[in-house]
Ligand SMILES: Nc1ncnc2c1ncn2[C@@H]1O[C@H](COP(=O)(O)OP(=O)(O)OP(=O)(O)O)[C@@H](O)[C@H]1O
Ligand SMILES: [Mg+2]
């Protein structure tokens with residue numbers, strides 16, 4: 001059963017123009033789904049429907065199998081962390097109190113709150129000393145981290161993030177993306193992440209949902225979007241232009257062969273399995289080689305990367321989808 005299900009959702013605001021058109025979509029537990037699409041296509045509206053900040057005109061939304069109108073609104077929102085771009089920390093509360101604010105509402109005791117504040121600040125890669133500071137004493141990136149810490153404090157099953165990294169500079173943004181992926185792997189939450197940045201959607205999403213004009217145009221893995229676009233809109237978004245992003249953002253471990261060693265490997269350079277396909281291609285070109293060696297973090301985890309096997313691996317991972 002999906003953890004979030006949109007079923008035939010339609011929505012228009014006062015102006016009457018449909019903003020969401022017959023949206024049906026399942027999101028499964030543990031997925032990291034990115035909602036991608038041009039400005040005004042309805043991404044924020046879709047998120048707000050899930051935590052009932054707005055109500056659909058018709059259709060149903062289920063969270064954890066239960067229609068959201070059957071949920072107690074407060075309970076529903078406790079299960080769903082929400083992080084937005086202008087994070088809206090309470091300026092008169094310390095960072096620590098901001099993080100544990102939700103726990104305050106649920107009547108948790110002081111000891112529990114203190115412990116949780118500490119866990120959360122460490123989880124988002126910040127030092128304990130920040131707990132005593134005020135939001136105005138933080139950088140933009142640090143504020144976003146605290147926003148995430150606050151959203152995670154009540155241990156929700158689902159996290160909705162709306163352009164959550166949009167306001168920070170390019171470098172901090174990349175760092176925050178990496179940390180978010182680490183947190184996702186560690187906590188195994190379901191994340192729905194809205195962005196209009198294709199690179200970000202490709203990097204973060206285990207599945208990408210491309211939206212246009214209030215409807216899903218295509219939902220799939222980054223390989224499906226890039227190699228099997230459903231129509232010209234998807235092609236324009238993901239086509240060959242973004243093949244470079246794909247090659248830069250896909251780690252070798254997803255496409256290399258482990259364990260098999262052809263002869264002559266002594267002369268071949270090795271790359272770490274977390275490096276990108278593009279990094280391997282560069283090394284291959286620089287050295288005039290048809291393959292490179294791959295090493296993993298564990299001793300003895302070794303393999304090779306070469307084009308033919310990478311392509312068959314992609315086909316294997318995306319049955320029937322890749323005809324490249
Ligand atoms: N409160 C509102 N009243 C009327 N129209 C609204 C309201 N909120 C959003 N809209 C309209 O609904 C459409 C979808 O808005 P939404 O905020 O969901 O888009 P978005 O995909 O999140 O865009 P962006 O990438 O710019 O954040 C837009 O045309 C917008 O103008
Ligand atoms: Mg938006």
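Read the figures in this text as sums done on the coordinates, not as results from a lab. Keep in mind the model is a prediction, meaning the values are calculated, not measured. Please note: Cβ atoms are built from the backbone with ideal geometry, for glycine as well, and neighbour counts cover all protein chains shown.
For this structure, a couple of remarks:
- Stretchable slack from residue 265 to residue 233, in nm (0.36 nm times residue separation minus alpha-carbon distance): 7.1 nm
- Once the C-beta distance of residue 17 and residue 60 is scaled by a Förster radius of 30 Å, the resulting FRET efficiency is 0.85 to the nearest 0.05.
- Only Cα sites of the chain enter the Debye sum here, all with the same form factor; the resulting log10 I(q)/I(0) across q = 0.09 1/Å is -0.55, listed in q order.
- Cα centroid separation - region 265-303 against region 121-198, whole Å: 32 Å
- Antiparallel %, DSSP beta bridges [both residues in region 204-324], to 5: 80 percent
- With the convex hull drawn over the C-alpha atoms of region 182-243, the volume per residue is 88 Å³.
- Applying D = kT/(6 pi eta Rh) to region 35-83, where Rh is the Kirkwood radius over alpha-carbon pairs, T corresponds to 4 °C and eta to 1.567 mPa s, the Stokes-Einstein value obtained is 111 µm²/s.
- Among 121, 74, 226: highest mean-square fluctuation, GNM of the chain, C-alpha pairs under 10 Å: 74
- Here is the P(r) of region 1-124: all C-alpha pair distances, binned every 5 Å from 0, give 2, 9, 16, 19, 17, 14, 12, 7, 3, 1, 0 in whole percents.
- Antiparallel content of DSSP bridges confined to region 251-317, in %, to 5: 70 percent
- Between residue 301 and residue 118, the modelled labels are 3.1 nm apart [label points 7 Å from Cα along Cα→Cβ].
- Beta bridge orientation in the chain: antiparallel %, DSSP, nearest 5: 55 percent
- Between helix 307-317 and the chain there is an angle of about 40 degrees, using the helix long axis and the longest principal axis of the Cα atoms.
- Region 186-204 residues near the modelled residue 253 label - backbone nitrogen below 12 Å, point 7 Å along Cα→Cβ: 186
- Taking all Cα-Cα distances within region 251-317, those exceeding 15 Å account for 45%.
- FRET efficiency, residue 175 to residue 104 (Cβ-Cβ, R0 51 Å, nearest 0.05): 0.95
- Kirkwood hydrodynamic radius of region 124-235, from inverse mean 1/r over distinct Cα pairs, in Å: 15.6 Å
- Two-site FRET efficiency, residue 74 against residue 134, from Cβ-Cβ distance with R₀ of 35 Å, rounded to 0.05: 0.80
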